[in-house]
Each structure stands twice: as C-alpha cells, then as structure tokens.
Amino acid sequence: MCPSGRYPLGETSVLQPVFDVLDSDRDGKISADDLKTFYGASGAATEDDIGSMITMADVNKNGYVEFEEFELVVGERKSSSSSSSPRKAVMEGMFRMMDRDGDGKVGFGDLKDYMAWAGFAASDEDIRAMIRMGGGDEKNGGVCYEGLMKILAAGISA
C-alpha cells in the first residue's frame, strides 16, 4: 500500500514510474542531486532551476521531495493547462532531456537511449510501437511533445 494510504492494496499511483525515474539513487525521495543527474546530460535546468523545483515541492522543508509531495505538485489532480503549471514544466523538461539532438522530436534513438538509461527493458519493436502510438514513425523522425505525452499516458494506464 502507498504510504499515504490513498491507494488500495496492489494499486499504485500512475505517477510512481515518473517519480522513480527522477529518483536516480532510488532512495525514495528526489534530491537536488537526483535532478542534476536527470537534467545533467541535456543542460535543460540550471542550479537555480533545480533549487526552485525542490523549494516549490518540498512542503515539509526537509530538502527533499517525497512521493506525496511530488503527487501534490505534479499530481493526479486537475492542473492548469497553462505553460507555467508545474506538471507541464516537468514534462517539458523531460521531453527536452529525451530530445538529445534538439530537433523537437523524440526519435527511435532518443527513446531507446532514454529507456535504457531509466532501466526499462524495451526491444526495438517495443520502441517502434511506442513511437507509432504517439503518432510518429521512424521516417518522420519520431514524436513531438504531444505524441510523447500520449506514449506516457498509455504506459501509465496500462
């Protein structure tokens, strides 16, 4: 059961996989070092950005973002569709990090590298299927941000 007790036995939050990717040292909380690891390769977030993310989400002010705090910020509640919403900012950062060549699309290589980095086993056919699910194909270079959100939504609800 989730520590918050909000999910029945055997059921978890749809956000757990996203939290697990950000929690790079797998200690059950997101630290500034975890975010530096996550954003490091892409340079999508500065030290100040990372500090702001932690400060915004760290409700109990212990210097870390626990899962329940993560849920509150990125959460399973209705969020604003404005580009300044925390959820959209996190997801856009994830997209930029995955889009290694900066072409505005997450292609086969980008998604394959990300899945391996995040520790998810995925065959080449799995990667191709995910790209198709997001409305892209290898010929057009992959999927745009909205396509990646479709892929993540399908993976989360599966």
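Consider VAL59 carefully, then state whether it is in a helix (DSSP H, G or I) and at pLDDT below 90. Give the steps one after another, and end with the answer.
Numbers: in a helix (DSSP H, G or I): no; at pLDDT below 90: yes.
Judged against the criteria, VAL59 is not a match.
Within the range 94-127, track down each residue that is over 14 Å from the mean Cα position of the chain (by Cα) and surrounded by 17 or more Cβ atoms within 10 Å (Cβ to Cβ).
To start, the set of residues in the range 94-127 that are over 14 Å from the mean Cα position of the chain (by Cα) comprises 100-105, 107-110, 112-113, 116, 121-127.
Answer for the range 94-127, where residues must be over 14 Å from the mean Cα position of the chain (by Cα) and surrounded by 17 or more Cβ atoms within 10 Å (Cβ to Cβ): LYS105, GLY107, PHE108, ASP110, LYS112, ILE127.
Residues being modelled with pLDDT of 90 or more, under 16 Å from the mean Cα position of the chain (by Cα), crowded, with 17+ Cβ neighbours inside 10 Å and closer than 28 Å to ARG26 by Cβ are entirely absent from the range 69-92. Among the residues of the range 119-134, those identified as among the charged types (D, E, K, R) and farther than 15 Å from LYS105 by Cβ are ASP124, GLU125, ASP126.
If I ask for residues that are farther than 16 Å from VAL18 by Cβ and in contact (Cβ under 8 Å) with a residue 12 or more places away in the chain, which ones from the range 100-129 would you list?
Within the range 100-129, the first condition is being farther than 16 Å from VAL18 by Cβ, and the residues that meet it are 100-105, 107-110, 112-113, 116, 121-129.
Matches in the range 100-129: ARG100, ASP103, GLY104, LYS105, GLY107, PHE108, ASP110, LYS112, ASP113, ASP124, ILE127, ARG128.
The values are calculated or read from the model by the stated rules, or taken from the named source; none is laboratory data. Values in this document were obtained by computation on a predicted structure and should not be read as measured data. Glycine gets a Cβ as well: all are built from the backbone with ideal geometry, and neighbour counts include every protein chain shown.
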